[in-house]
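A short reminder: the numbers here are calculations on the coordinates, not readings from a lab. Source: prediction; values computed, not measured. Counting neighbours? That spans all protein chains shown, and the Cβs are built from the backbone with ideal geometry, glycine included.
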Amino acid sequence: MRHILRSDTTDFAWDAFFHHSPISTQAFDPSGQTIRFNKAWSLLFGYTDEEAYAFNILKDANFKTCGADKLILSAFEGNVVTIPPLPFPVRGRETSVRWIGGTLYPVKNSDGSLHEVTVVHHDVTDLKAAEELIRRLLRSDPSCPSQENLAHQALTHIQGYKPVRALPDFSDPKPLINLGLTRKEAEVLLWVAQGKSNSEAAIILNITVSTVKKHMEHVFEKLSVEKRGAASLIAIEAITDQTTP
């Protein structure tokens, strides 16, 4: 996988965190072109690096056909959005199609312009299979050997299913305070993680832009990162872990 070269150890550590995360993650530049993805993404979709970097999420016809293109465009306009699970062709898996959804997080530069959009995927294929088996059980499908066997298959799928992570709850700064941030720093990071620029966060929190910048400097130092995107994803991870049942 192609790696982006960094000039210091903190950015190198962030790259390691991104690439080795067990959660499928992909990032796009403002034009929609893939700029990076992690090992979990490769394992989920099974595509080559060349195919991954050639993919442009804003130009994919499949999203337009199913109506998800408007949600994706909203993310590139600066909004956090969730795409419901859709059937995606994959390779090297037990099934050729997986049901995959995702949450898209816009990351803005300090001047308010879009830096990138990052998507965190969730695979609900096992849950879909279990739902279908349960529907067949309720219909007493005669093609099944027995209701007992069908129920057993459904339970096997459900037990192997990893629950979809809950949407992050950006209303509570406590998970970020637990990372070692002050309440004010956590409040600023909550809005930055939602794609707000420094000026937008300043207006929302009724503080000056210079104060927002100072808080973000402290956030970068405490989280050992130098980029807003890195800080945002660490925040999202912390919040999501807190809200996942």
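Longer than 20 Å from Cα to Cα, which of Lys184/Lys214; Lys184/Lys222; Lys39/Lys64 are they? Say none if no pair is.
Lys39/Lys64
With each label point set 7 Å from Cα along the Cα-Cβ vector, what nm distance links Lys227 and Asp172?
Those two pseudo-labels are separated by 3.0 nm.
Tell me, what is the FRET efficiency for Asn206 and Arg183 to the nearest 0.05, using R0 = 22 angstrom and their Cβ-Cβ distance as r?
According to the calculation, E is roughly 0.90.
If we count other beta carbons within 10 Å of each Cβ, what is the order of Glu217, Glu237, fewest first?
Glu217, Glu237
Before anything else, pin down the relative contact order of the stretch 10-116: Cα pairs under 8 Å, at least 6 apart, normalised by residue count, whole percent.
Relative contact order, the stretch 10-116: 20 percent.
Net charge near Asn198: determine it from the other residues with C-beta under 13 Å of the C-beta of Asn198, scoring Lys and Arg +1 and Asp and Glu -1.
Computed value for this residue: +2.
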